[in-house]
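K.L.:
Attaching a single structure in structure tokens format; questions to follow.
The values are calculated or read from the model by the stated rules, or taken from the named source; none is laboratory data. Here the structure is a predicted model, which means the values were calculated and not measured. For neighbour counting, all protein chains shown are included, and Cβ atoms are generated from backbone atoms with ideal geometry for every residue, glycine included.
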Amino acid sequence: MLSRNHSRTFTLLILESILTCSCGMVAVYVRFTSDAGQVLVGDRGLLKILLMIVVAQASFYLFDLYDFREIRKPGVLYIRTLQALGLTAIVLSVIFYVFPEMLFGRGVFSLSLMFMLSTMILWRVFVIWLLGHPKLAERVLILGTDSNAVDLARETLDRPEQGYKIVGFVGDDPRLVGQSLINPRVLGLTDNLQEIVNRYHVTRIVLAINERRGRMPLDSLVEMKLRDGLAIEESDSFYERLTGKISTGTLRPSWLIFSGTSHRIVFYGQLRRLLDVSLSLVGLFLSLPIVVLTAIAIKLDSRGPILYQQTRVGRRNQNFTIMKFRSMRVDAEPEGPVWANEDDLRITRVGRIIRKLRIDEIPQFINIIRGEMAFVGPRPERPEFVARLEREIPYYSQRHLVKPGLTGWAQVRYPYCASVEDAIQKLQYDLYYIKNQSLLLDVITLFETVRIVLFGRGAR
């Protein structure tokens, strides 16, 4: 189950591809007038426009223009749109230089970029307004008034671009009626659920009630779902789709048992293993020049081995030896294992560069070929940290149900882990991946990883 945000992103991607294609076709018609049809059909015009679409959409993605939380401010939107189109112009110019037959000629390229600049900015302003407009948002009523219900409302309020509006809470305690728990207030009691739904034009009910302390109005819920077609959803699934993670506070032991099907998981595992080995072999071959230069730089920069080998915990709690390019001094941990922190003084000069660019991870292709790791999965931790985290964090051991990964959903969604609190946050994303693992989610994670590596984000 992908988050609502990813569904919106895919829809936006398709619509913007159509807009980009339209900008290219309009530019051709403006420059060639009556001969435009011949240019588009007979001179590989549609193929050239397709090339422009691919490069432009990739540039928009790299500059976070599909992250609605990032571009809500108009200034950020304008700057990043200019940056993305600038990158598009540079990449296409290089392609046209190498393959001159792909150039339209007569200023079509420049005209297309001008049309795209104005069109995309106006389109994005409209989309942001549309997503954040309260009258167009889905009206959500939360059934429950405890801390989990309040946390759910807080997460929803922090994401107005997701298109949900919390109209209020419903509970069993008459003393809470009319009180504000966070921003929306308690609208009434569960006995009056039907009346509250009608009065506030509710379109979705989220069940966040504590079954031990609260009463579930099953008859009313069944009637509203079957008669009125009202959307009714458990808080766990709503939270999961909203945030792209699983709340460990409300997690039940049955969460994994009822996710997916066994035959799908078996097929997915076999296919992913084939792709992991193939991509690792290609990655090792393509990165060979970088590997040689990195090895020389490490040797010249500081004393010690080129490769750093360390014990990590893998699938089914089996230890394995992970391989990385050494990025720290050989005496980095005289008093035992510690988490890396920002501006870590133990990191060498070369180490800081290769960590920023993730070059230090390249030797892990060998771990993937051996079957100890996968391309995508929870990042493997050291046994010393795992023992501590399993004592302090419920369900932490569930990370070891799958192979650890070179990259992972938690890595692209949350900054570097340097404390128990960070480990709890990253665990929620890891559990989401374990429950919803699929080739599509793997592809999304890999694309996010490429963007992070190119911009050097999150490394320590």
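K.L.:
Pull out all pairs, ordered by first then second residue, where Cβ-Cβ is under 8 Å, the residues are six or more apart or on different chains, the first lies in segment 12-23 and is under 14 Å from Val127 (Cα atoms) and assigned by TED's automatic domain parsing to the domain that holds Leu117, and the second is outside any helix (DSSP H, G or I) and at pLDDT below 85.
P.N.:
Leu12/Tyr66; Leu13/Tyr66
K.L.:
Could you give every pair whose Cβ atoms fall below 9 Å, whose first residue belongs to segment 276-301 and is surrounded by 16 or more Cβ atoms within 10 Å (Cβ to Cβ), and whose second residue is assigned to a helix (DSSP H, G or I) and among the small types (Gly, Ala, Ser), counting only separations of at least 6 or pairs across chains?
P.N.:
Listed by first residue and then by second, the contacts come to Ile298/Gly351.
K.L.:
Evaluate the following for Phe375: is it at pLDDT below 95, closer than 19 Å to Val291 by Cα and of a type in the set (A, V, I, L, M, F, W, C)?
P.N.:
So Phe375 passes the test.
K.L.:
Let me ask something else about it. Which residues, counting only those in segment 147-161, are closer than 15 Å to Ala137 by Cβ and in contact with a strand residue (DSSP E or B) (Cβ under 9 Å, 6 or more places away or on another chain)?
P.N.:
Answer for segment 147-161, where residues must be closer than 15 Å to Ala137 by Cβ and in contact with a strand residue (DSSP E or B) (Cβ under 9 Å, 6 or more places away or on another chain): Ala153, Thr156, Leu157.
K.L.:
Could you tell me whether Val177 is modelled with pLDDT of 80 or more, within 33 Å of the chain's Cα centre (by Cα) and outside the structural domain of Gln38 (by TED's automatic domain parsing)?
P.N.:
When the stated conditions are applied, Val177 does not pass them.
K.L.:
Follow-up. Would you check if there is a residue in segment 8-16 being more than 30 Å from Arg413 (Cα to Cα) and either part of a helix (DSSP H, G or I) or at pLDDT 75 or above (or both)?
P.N.:
no
K.L.:
With the structure loaded, tell me whether Leu207 is within 24 Å of Leu406 (Cα to Cα) and at pLDDT 90 or above or whether it fails that test.
P.N.:
no
K.L.:
Answer with yes or no whether Thr156 is of a type in the set (S, T, N, Q) and not assigned by TED's automatic domain parsing to the domain that holds Leu221.
P.N.:
Answer is no for this residue.
K.L.:
Name the residues in segment 53-104 that are within 16 Å of Val125 (Cα to Cα) and not hydrophobic (A, V, I, L, M, F, W, C), would you?
P.N.:
The answer is Asp64, Tyr66, Asp67, Arg69, Glu70, Arg72, Lys73, Pro74, Gly75, Tyr78, Arg80, Thr81.
K.L.:
Looking at Ile232, Ile196, Ile209 in this structure, which one is assigned by TED's automatic domain parsing to the domain that holds Pro160 and in contact with a helix residue (DSSP H, G or I) (Cβ under 7 Å, 6 or more places away or on another chain)?
P.N.:
Just a single option satisfies the conditions, and that option is Ile232.
K.L.:
Does Leu143 meet the test of being under 23 Å from Met216 (Cβ atoms) and modelled with pLDDT of 85 or more?
P.N.:
Yes, satisfied.
K.L.:
A further question follows. Mind checking whether some residue in segment 441-458 is closer than 17 Å to Lys324 by Cβ, surrounded by fewer than 17 Cβ atoms within 10 Å (Cβ to Cβ) and in contact with a Phe, Trp or Tyr (Cβ under 9 Å, 6 or more places away or on another chain)?
P.N.:
Among the residues of segment 441-458, at least one is closer than 17 Å to Lys324 by Cβ, surrounded by fewer than 17 Cβ atoms within 10 Å (Cβ to Cβ) and in contact with a Phe, Trp or Tyr (Cβ under 9 Å, 6 or more places away or on another chain), which makes the answer yes.
K.L.:
State all residues of segment 408-449 that are in a helix (DSSP H, G or I), out of contact with any helix residue (DSSP H, G or I) (no Cβ under 8 Å at 6 or more places or on another chain) and of a type in the set (A, V, I, L, M, F, W, C); if no residue qualifies, say none.
P.N.:
Listed by number, the residues that qualify are Ile424, Leu440, Val443, Leu446.
K.L.:
Read through the list (1) modelled with pLDDT of 90 or more; (2) on the phi < 0 side of the Ramachandran plot; (3) loosely packed, with under 14 Cβ neighbours inside 10 Å, then give the number of the only condition that Asn317 fails.
P.N.:
(2)
K.L.:
So which residues in segment 383-407 are farther than 19 Å from Gly269 by Cα and outside any helix (DSSP H, G or I), if there are any at all?
P.N.:
Once the filter is applied, which keeps residues that are farther than 19 Å from Gly269 by Cα and outside any helix (DSSP H, G or I), segment 383-407 yields Ile393, Pro394, Tyr395.
K.L.:
Continuing with this model, one more query. Pro380: surrounded by fewer than 16 Cβ atoms within 10 Å (Cβ to Cβ), in the same structural domain as Leu440 (by TED's automatic domain parsing), not charged (D, E, K, R) and not in a helix (DSSP H, G or I), yes or no?
P.N.:
In short, no.
K.L.:
Then there's this: Given (1) at pLDDT below 90; (2) touching a helix residue (DSSP H, G or I) at 6+ places or on another chain (Cβ under 8 Å); (3) assigned to a helix (DSSP H, G or I), identify the lone condition not met by Arg264.
P.N.:
Here Arg264 meets the rest and fails (2).
Yes or no, residue by residue, for (1) touching a Lys or Arg at 6+ places or on another chain (Cβ under 9 Å); (2) at pLDDT 90 or above; (3) over 15 Å from Pro404 (Cα atoms); (4) in the same structural domain as Leu401 (by TED's automatic domain parsing):
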position	(1), (2), (3), (4)
Met328	yes, no, yes, yes
Ala332	yes, no, yes, yes
Ala340	yes, no, yes, yes
Thr348	yes, no, yes, yes
Arg352	no, no, yes, yes
Asp360	yes, yes, yes, yes
